[in-house]
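Colleague: This is the structure, below, for whatever I ask next.
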Amino acid sequence: MSMDQIRDAIMSGDRSQETYEALEIPTTYRGATVHKDEVGMFEGMASRDKDPRKSLHIDDVDLPELAPGEALVAVMASAINYNTVWTSIFEPVSTFGFLERYGRTSEFAKRHDLPYHVVGSDLAGVVLRVGPGVSKWKAGTEVVAHCLSVELEDAEGHDDTMLDPQQRIWGFETNFGGLAELAIVKANQLMPKPAHLSWEEAACPGLVNSTAYRQLISKNGAALKLGDRVLIWGASGGLGSYATQMALAAGAEPICVVSSPEKAEICRKMGAELIIDRRAEDYKFWNEDNTKQNPKEWQRLGKKIRELTGGHDVDIVFEHPGRETFGASVYVARKGGKIVTCASTSGYMHEYDNRYLWMNLKDILSSHFANYREAWEANELINRGLIHPTLSKTYSLDEVGQAALDVHKNLHQGKVGVLTLAPEAGLGITDQEKRAKYETQINAFRNV
Ligand SMILES: NC(=O)c1ccc[n+]([C@@H]2O[C@H](COP(=O)([O-])OP(=O)(O)OC[C@H]3O[C@@H](n4cnc5c(N)ncnc54)[C@H](OP(=O)(O)O)[C@@H]3O)[C@@H](O)[C@H]2O)c1
């Protein structure tokens with residue numbers, strides 16, 4: 001009943017602090033969970049056969065008390081990130097270990113250590129309550145949230161909050177994530193919701209847009225500059241669709257790698273011209289049993305890049321597929337170039353020929369999510385219409401398992417949204433004029 005009142009208040013468009021402070025807060029809410037007693041359910045199966053529809057549940061869970069510095073958000077929409085796929089297939093480790101370790105750190109952290117894990121690392125919604133000590137954000141404010149959770153009690157995190165020893169990804173390494181009707185975040189995860197976007201469009205860029213921003217643009221990552229040539233793996237996927245837009249917006253030249261003509265078309269719609277269909281090229285960087293690489297295939301990729309660029313190698317490789325592509329990525333970067341990695345989707349034990357690295361003075365850089373400043377700047381790019389959400393499909397909360405399966409099976413384009421409290425897609429746009437200006441770009445990923 002009180003959840004209906006919350007939804008009705010949001011739908012009415014009234015954003016006054018008094019209205020939201022007067023709303024009754026429910027004691028339970030619906031959220032997408034994995035269960036601790038099911039961690040072993042896929043044992044012995046190949047990763048590709050593990051089905052998130054079996055492990056992701058929609059449960060009524062208790063709403064915990066709000067700790068100092070936190071905010072309770074009514075979530076209108078969320079999105080699927082690959083981390084929810086990892087959680088749902090219990091790979092490379094079960095996320096309950098994160099919750100247990102976090103739970104041991106303080107009285108408030110203990111709330112997170114539960115027999116279920118409410119997942120999800122993106123949201124768009126409205127603040128309902130703030131905890132003690134929060135002054136910047138008020139009930140009734142429309143927000144999105146980035147997923148960096150930090151404590152900042154140690155000195156190490158004060159230059160770059162990603163270096164906080166207590167750095168965690170909300171909804172992956174913490175509980176009470178965004179794939180739910182309500183979510184608990186630290187107030188310093190909140191950012192303004194772009195007014196020209198619907199709830200689900202606003203929810204979908206957060207994690208990947210911020211990650212791509214640090215990895216490619218920030219001085220903490222590859223620090224891309226005008227004219228750079230960038231090889232972008234998975235260029236129409238979650239991370240890649242933002243990296244591609246950023247490269248183009250920054251006056252660089254993306255060389256987009258995708259696996260189908262449809263995905264190539266999406267890259268063209270974003271404005272990219274140099275595209276490699278890895279499936280059509282049929283690269284076999286590894287032998288059949290995945291034990292030995294074939295440098296001739298790295299050379300074939302390098303040759304293809306030179307064909308497209310008029311004889312040039314790339315300044316930056318935007319890496320995340322990991323084991324499958326990493327040897328090739330190191331090979332194709334130009335002398336003095338950078339390979340910047342944030343993930344290992346196909347396996348984390350990478351192999352590359354070090355001679356190509358040291359003799360050619362290349363750098364391998366690591367990158368992981370983004371600090372608040374970087375996430376804020378990335379959100380501003382969306383807000384200012386310089387970068388656009390790449391939402392292709394939206395599911396209901398009840399269909400979250402299918403939504404995660406799509407991403408797991410690489411059947412999606414860009415981002416997959418999930419409606420949580422929002423009764424239908426397309427709601428929440430409050431700046432129609434700005435919307436009209438960017439309508440085509442915002443819809444580029446739909447119905448492909
Ligand atoms: N460290 C961080 O902060 C961070 C943040 C976000 C994501 N990640 C990680 O980054 C990875 C990608 O995330 P995402 O959101 O971009 O996922 P995504 O939406 O699934 O996109 C990844 C794309 O990579 C391509 N790809 C997948 N396997 C490949 C392979 N073996 N060889 C070449 N290309 C391959 C696919 O594109 P094509 O089939 O079209 O080539 C796919 O669409 C995941 O492992 C995720 O957990 C890390």
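The values are calculated or read from the model by the stated rules, or taken from the named source; none is laboratory data. Not measured: the values here are computed from a predicted model. Heads up, the Cβs are rebuilt from the backbone with ideal geometry, glycines too, and the neighbour counts pull from every protein chain shown. Remember, those area values only see protein heavy atoms, side chains included, never the ligands or the DNA or RNA. Shrake-Rupley method; radii C 1.70, N 1.55, O 1.52, S 1.80 Å.
Colleague: Just to confirm the filter: which trypsin sites (Lys or Arg not before Pro) across the stretch 68-118 are DSSP coil and have at most 15 other Cβ within 10 angstrom of their Cβ? Mind showing how you got there, number by number?
Modeller: Numbers: sites: 101, 104, 110, 111; in loops: 104.
Answer by residue number: 104.
Colleague: Hey, another quick one. What residue among 418, 150, 75 shows peak mean-square fluctuation when the chain is described by a Gaussian network model with Cα springs under 10 Å?
Modeller: 150
Colleague: Right, next: Based on the Cβ-Cβ distance of residue 223 and residue 12, what FRET efficiency does E = 1/(1 + (r/R0)^6) give at R0 = 45 Å, to the nearest 0.05?
Modeller: On the way: r = 45 Å, r/R0 = 1.01.
Efficiency at R0 = 45 Å is approximately 0.50.
Colleague: Go through 152-158, 219-225, 386-392 and give me the packing order, highest mean Cβ count within 10 Å leading.
Modeller: Values: 152-158: 12.7, 219-225: 18.1, 386-392: 24.3.
Those peptides, ordered most packed to least, come out 386-392, 219-225, 152-158.
Colleague: Simple spin-label model, 7 Å along Cα-to-Cβ: residue 398 to residue 410 in nm?
Modeller: The modelled label-to-label distance comes out at 3.2 nm.
Colleague: In what sequence, highest mean first, do 271-280, 9-18, 184-193 appear when ranked by Cβ atoms within 10 angstrom? Intermediate results must be reported in sequence, preceding the final value.
Modeller: Values: 271-280: 17.3, 9-18: 13.8, 184-193: 22.4.
Listed from highest to lowest mean packing, they are 184-193, 271-280, 9-18.
Colleague: For the stretch 320-364, list residues with backbone N below 13 Å from a point placed 7 Å from the Cα of residue 306 toward its Cβ?
Modeller: Residues 332-335 fall inside that zone.
Colleague: With the Cα gyration tensor of the chain in hand, give its eigenvalues times 5 under a square root as the equivalent ellipsoid semi-axes, listed largest first in whole angstrom. Don't skip to the answer; put the middle values down first.
Modeller: On the way: eigenvalues 263, 114, 85 Å².
Values for the chain, descending: 36, 24, 21 Å.
Colleague: Amide H of residue 253 versus every other amide H placed in the peptide plane: which residues, excluding those fewer than 5 positions away on the same chain, fall under 5 Å?
Modeller: Amide H neighbours of residue 253, under 5 Å, 5+ apart: 227, 228, 229, 230.
Colleague: Test of understanding: what is the full-extension gain from residue 384 to residue 363, defined as 0.36 nm times their sequence separation minus their Cα-Cα distance? Present the calculation step by step, with values, prior to reporting the outcome.
Modeller: Working: separation 21, 0.36 × 21 = 7.56 nm, distance 3.26 nm.
Length difference between fully extended and current span is 4.3 nm.
Colleague: Still on this structure, I have one more. Under a cut-off of 28 Å between alpha-carbon atoms, report the lysines in cross-link reach of residue 110, not counting same-chain residues fewer than 8 places apart.
Modeller: Answer for residue 110, where 28 Å is the Cα cut-off: 36, 54, 136, 138, 186, listed by chain and number.
Colleague: Hey, what do the phi angles of the stretch 383-391 turn into as Karplus ³J(HN,Hα) couplings, whole Hz, using 6.51/-1.76/1.60 and θ = phi - 60°, x for Gly and Pro?
Modeller: With the stated coefficients, the stretch 383-391 comes to 4, 8, x, 8, 10, 10, x, 10, 6 Hz.
Colleague: Separate question: Taking every pair of Cα atoms in the stretch 211-315, average 1/r, invert it to obtain the Kirkwood radius, and report Rg/Rh to two decimals. It would help to have the intermediate numbers written out before the result.
Modeller: Details: Rg = 14.0 Å, Rh = 14.2 Å.
Rounded to two decimals, Rg over Rh is 0.98.
Colleague: Moving on to the next point. Please identify the trypsin sites (Lys or Arg not before Pro) of the stretch 372-442 that satisfy two criteria: DSSP loop assignment and at most 14 other Cβ atoms within 10 Å. Which are they? Don't skip to the answer; put the middle values down first.
Modeller: On the way: sites: 373, 384, 393, 409, 415, 434, 435, 437; in loops: 384, 409.
Hits after loop and neighbour filter: 384, 409.
Colleague: For a protection proxy built on the mean count of beta-carbon atoms within 10 angstrom, sort 421-430, 82-91, 312-321, 244-253 highest first, please.
Modeller: On the way: 421-430: 17.1, 82-91: 22.9, 312-321: 24.7, 244-253: 20.8.
Put in order of decreasing packing, that is 312-321, 82-91, 244-253, 421-430.
Colleague: Taking K and R as +1 and D and E as -1, what net charge do the other residues with C-beta under 15 Å from the C-beta of residue 115 add up to?
Modeller: Values: positive: 36, 110, 111; negative: 37, 38, 59, 60, 62, 100, 113.
Taking every other residue near residue 115 into account, the sum is -4.
Colleague: Decide, for the stretch 80-136, between rounded, prolate and oblate: order the square roots of the alpha carbon gyration tensor eigenvalues as a ≥ b ≥ c, take rounded if a/c falls under 1.5, and otherwise choose prolate if a/b is larger than b/c, else oblate.
Modeller: Values: a/c = 3.02, a/b = 1.33, b/c = 2.27.
Taking the square roots of the gyration eigenvalues as a ≥ b ≥ c, the stretch 80-136 is oblate.
Colleague: Taking the simple approach of a point 7 Å from Cα along Cα-to-Cβ for both residue 277 and residue 429, what is their distance in nm?
Modeller: About 3.2 nm separates the two model spin labels.
Colleague: Helix 261-270 versus the longest principal axis of the chain: what angle, 0 to 90°, nearest 10, using Cα atoms?
Modeller: Result, in degrees: 70.
Colleague: Follow-up question, since we're still on this one. Report, in degrees rounded to the nearest 10, the 0 to 90 angle that the Cα long axis of helix 295-309 makes with the longest principal axis of the chain.
Modeller: For helix 295-309, the angle is close to 80 degrees.
Colleague: Work through the residues other than residue 330 whose Cβ is under 11 Å from its Cβ and net out their charges, Lys, Arg +1 and Asp, Glu -1. All intermediate terms of the calculation are to be shown ahead of the outcome.
Modeller: Working: positive: 338, 355, 362; negative: 319, 351, 353, 363.
Cβ neighbours under 11 Å give a net charge of -1.
Colleague: Whenever you get a sec, compute what percent of the accessible area on the chain sits on carbon and sulfur atoms (1.4 Å probe).
Modeller: Working: 9070 of 18460 Å².
Solvent-exposed carbon and sulfur of the chain make up 49 percent of the total.
Colleague: Considering only C-alpha atoms, what is the centroid distance from the stretch 55-120 to the stretch 254-305, in Å?
Modeller: 36
Colleague: Please give every one of the lysines within straight-line cross-link reach of residue 296, meaning a C-alpha to C-alpha distance under 30 Å, and leave out same-chain neighbours fewer than 8 residues apart.
Modeller: 263, 284, 304, 335, 338, 362, 409
Colleague: Solvent-accessible area per residue for the chain at a 1.4 Å probe radius, Å²? Walk me through the numbers on the way to the answer.
Modeller: Numbers: 18460 Å² over 448 residues.
Accessible area per residue: 41 Å².
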